[in-house]
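Below is one structure; the comments refer to it alone.
The values are calculated or read from the model by the stated rules, or taken from the named source; none is laboratory data. Bear in mind the structure is a predicted one, so any value in this text is a computation, not a measurement. For neighbour counting, all protein chains shown are included, and Cβ atoms are generated from backbone atoms with ideal geometry for every residue, glycine included. These area figures cover heavy atoms from the full protein model, side chains too; ligands, DNA and RNA do not enter into them. Shrake-Rupley method; radii C 1.70, N 1.55, O 1.52, S 1.80 Å.
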Number of protein chains: 2
Amino acid sequence: MTLPRIAVDAMGGDDGVRVMVEGAALARREHDTFKFLLVGDQARIEAALETHPNMRGASEILHCEDVVGGDEKPSRALRRARTTSMGLAVDAVKRGEAGAAVSAGNTGALMAMSKLALRTMPGLDRPALAALLPTLGEDDVIMLDLGANRDCDARNLVQFAIMGAAYSRIVTGRERPRVRLLNIGTEETKGTEDIQEAANRLRASTGLAMDFEGFVEADKINRGQCDVVVCDGFSGNIALKAIEGAARFVTDLLKQAFSSSIRSKVGFLVSRPATELLKHHLDPNNHNGAVFLGLNGVVVKSHGSANAKGVANAVKVAARLLEDDIVNRIAHDLGEVSDMGFAANGAAK
Amino acid sequence: MTLPRIAVDAMGGDDGVRVMVEGAALARREHDTFKFLLVGDQARIEAALETHPNMRGASEILHCEDVVGGDEKPSRALRRARTTSMGLAVDAVKRGEAGAAVSAGNTGALMAMSKLALRTMPGLDRPALAALLPTLGEDDVIMLDLGANRDCDARNLVQFAIMGAAYSRIVTGRERPRVRLLNIGTEETKGTEDIQEAANRLRASTGLAMDFEGFVEADKINRGQCDVVVCDGFSGNIALKAIEGAARFVTDLLKQAFSSSIRSKVGFLVSRPATELLKHHLDPNNHNGAVFLGLNGVVVKSHGSANAKGVANAVKVAARLLEDDIVNRIAHDLGEVSDMGFAANGAAK
């Protein structure tokens, strides 16, 4: 199968064109079948391409001058879906001119534009933002929703579980990913009514391609004991950012500690391979690329501050999802349970 | 002022009597004015006291045989408030036989018993569970609520802010602690209606002894840029546990990395003072002692898995709050704003 090309919003992110083009080139160095549609200011993209000969013949430029602002309200950005680099990258997916879109711009605007252009999949109430997090185990854990939906009811959570499991099958290769709902305790009585109802539905269902294993508390997300953590967008955002902040806190303390004396500095130099390993494992660039699941198309959000390696990872996530046909996998899994009251048109709730 | 004695539930926690008595003794080694009422099995407490001569003459034993189970439902435990070590420790505060109670038992049961015996302070809707977290700055940050109230409205959040600020004044010495509401973004439009309304009220009020500085995202909790982080109990529990889990995740990775080669092991030994500093800073025992704020009395929850140093810290937290008269400070601060629609009997909401 020839992989459809990937539309890259070349203007989004803190460092803009240079890092987006370098990231695409980096991904292409590993996968020389990747092809790109680079959307943004033609002159600046051409300048950035000059240092990346491996991108010649593999990328087309779609010129535009308008850019969505980092702090811009999604509703305002939405009105410029036809003129901005973000809007045109997503639109390319809609028109079949690209298989997936990658942007490092404003998350809310990207979500709004993607929903408008690609529409939510039939049978699904709401898309969700999913990301991979590192664990102590062999595989990454998928967490969703991470902020696309502030409030979620039981049916949303069940649908997120189905989508997360489909994504996890691609990432981990497990036929039945281990799914848990994020909660403030593991006893059945813990949490909101929606969380409890979602748990009851997941527990009762037998047709799902997953093992639902109950609740997980936020301190166990990274232990490698489950493959998918499902939550509403508010809790997910809090948990994800708390993890990021705590990891940075510890590494900052470590830096302070290692520079506190000459002996520590020597120790640091001697143990550099160990600390490099740690740095590699914790570098958010190695886990860059959050995915909007549940749309009729693949859209990947690269972190605004990601470097070229990070952007390359986001591109590889998009390619992987295309290759493994995530959209049809989710459609299939949602279809399997449409008669169980889970799907959007079901009778329950 | 003579410090009132502290009632210690000697039976709670994973390691029970031995660690609770050792913790009390450890605290008393630093503060020889501390006096204790040790509640639990007399024979076992006496046995534990044998190795701590500094506790002689400083502690009385209140014998009982019943113990609240770690997984017991609060409603069930509540029926045995008069016979369990936890219930009797809290009851001692109510009867004025102790100034504060410390327990490492079941959090939900401790909260329920404390509320029943000591009652919520006048002018306050709900007590909250508050804890100190380490930061990159000089002072610890106070976060509340951490799980006592799953759902909170705007007025609850405002009252938590007032209580957190009173606690922070004691801990940091700042006249006007910097207070923020936990949210999923810092823009004014972010978050639930209750969070936004709480922010509006805190922003509009001028009589509060704090500087309200808007929202904080979960990745900034430990940066040392604010003194009090206010949230509902669900989000607070998620954030706290995510931070604990991520910190453990990083230190586990570090251990793995340092034992990955001989060179790393040597580096570890050389840089041991640095890693010890890190270990000290991250050891949860050094921040042990969560406080139920908003009751007519001081109740401190020690972590179930805390060691003797941790228990000693919980005892010191209780002593500090007694010394600085937290109950009357909060009553005073709530009284100051009772005409502003914040207090329980106010007109608003």
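Can you say whether A:GLY12 is of a type in the set (Gly, Ala, Ser) and within 17 Å of A:SER302 (Cβ to Cβ), as far as the supplied structure shows?
Spelling it out, A:GLY12 is indeed of a type in the set (Gly, Ala, Ser) and within 17 Å of A:SER302 (Cβ to Cβ).
Could you name every one of the helices (runs of 4 or more DSSP H) located completely within the stretch B:67-181 that has at least 3 residues being open to solvent by 30 Å² or more (accessible area, probe 1.4 Å) and farther than 25 Å from B:ALA312 by Cβ? Before the answer, list the steps.
Working: elements: B:74-78, B:85-94, B:107-118, B:154-172.
Result: B:74-78.
Working carefully through the options B:MET121, B:MET86, B:MET111, find the one that is of a type in the set (A, V, I, L, M), within 21 Å of B:TYR167 (Cα to Cα) and under 17 Å from the mean Cα position of the chain (by Cα).
Numbers: B:MET121 fails: under 17 Å from the mean Cα position of the chain (by Cα); B:MET86 fails: within 21 Å of B:TYR167 (Cα to Cα).
Just one listed residue meets the conditions, B:MET111.
Is it the case, given these coordinates, that A:ALA10 is touching a residue at least 40 places away in the same chain (Cβ under 8 Å), in contact with a strand residue (DSSP E or B) (Cβ under 9 Å, 6 or more places away or on another chain), of a type outside the set (D, E, K, R) and within 25 Å of A:ASP71 (Cβ to Cβ)? If you could, list the steps in order and put the result at the bottom.
Numbers: touching a residue at least 40 places away in the same chain (Cβ under 8 Å): yes; in contact with a strand residue (DSSP E or B) (Cβ under 9 Å, 6 or more places away or on another chain): yes; of a type outside the set (D, E, K, R): yes; within 25 Å of A:ASP71 (Cβ to Cβ): yes.
So A:ALA10 passes the test.
Is at least one residue of the stretch B:127-143 modelled with pLDDT under 95, within 15 Å of the chain's Cα centre (by Cα) and charged (D, E, K, R)?
yes
Which members of the stretch B:182-207 meet the condition of being closer than 23 Å to B:VAL327 by Cβ and either open to solvent by 10 Å² or more (accessible area, probe 1.4 Å) or over 26 Å from the mean Cα position of the chain (by Cα) (or both)?
To start, the set of residues in the stretch B:182-207 that are closer than 23 Å to B:VAL327 by Cβ comprises B:202, B:205, B:207.
B:SER205, B:GLY207 - these are the residues of the stretch B:182-207 that are closer than 23 Å to B:VAL327 by Cβ and either open to solvent by 10 Å² or more (accessible area, probe 1.4 Å) or over 26 Å from the mean Cα position of the chain (by Cα) (or both).
Those residues that are within 21 Å of A:GLY245 (Cβ to Cβ) and more than 14 Å from every other protein chain (Cβ to nearest Cβ), I need them from the stretch B:175-198; list them, please.
Once the filter is applied, which keeps residues that are within 21 Å of A:GLY245 (Cβ to Cβ) and more than 14 Å from every other protein chain (Cβ to nearest Cβ), the stretch B:175-198 yields B:PRO177, B:ARG178, B:VAL179.
How many residues, within the stretch B:33-66, are open to solvent by less than 50 Å² (accessible area, probe 1.4 Å) and over 25 Å from B:ARG320 (Cβ atoms)?
Looking only at that region, the number is 3.
Between a residue in the stretch B:325-336 that is over 12 Å from B:ILE170 (Cα atoms) and open to solvent by 30 Å² or more (accessible area, probe 1.4 Å) and any residue that is modelled with pLDDT under 90 and in a loop (DSSP other than H, G, I, E, B), which pairs come within a Cβ distance under 7 Å, given they are 6 or more apart or on different chains?
B:GLY335/B:GLY123; B:GLU336/B:GLY207
Return the residue satisfying two criteria in turn: it lies in the stretch B:211-240 and is buried (at least 24 other Cβ atoms within 10 Å of the Cβ) and within 27 Å of A:HIS280 (Cβ to Cβ), and of such residues it is farthest from the other protein chains (Cβ to nearest Cβ).
Applying the filter and picking the extreme gives B:ILE221.
Report, ordered by the first and then the second residue, all pairs with beta carbons closer than 6 Å, sequence separation of six or more or different chains, a first member in the stretch B:232-250 that is touching a residue at least 40 places away in the same chain (Cβ under 8 Å), and a second member that is open to solvent by less than 10 Å² (accessible area, probe 1.4 Å) and part of a helix (DSSP H, G or I).
B:SER235/A:ILE238; B:ALA239/A:ILE238; B:ALA239/A:ALA242; B:ALA239/B:ALA218; B:ILE243/A:ALA242; B:ILE243/A:ALA246
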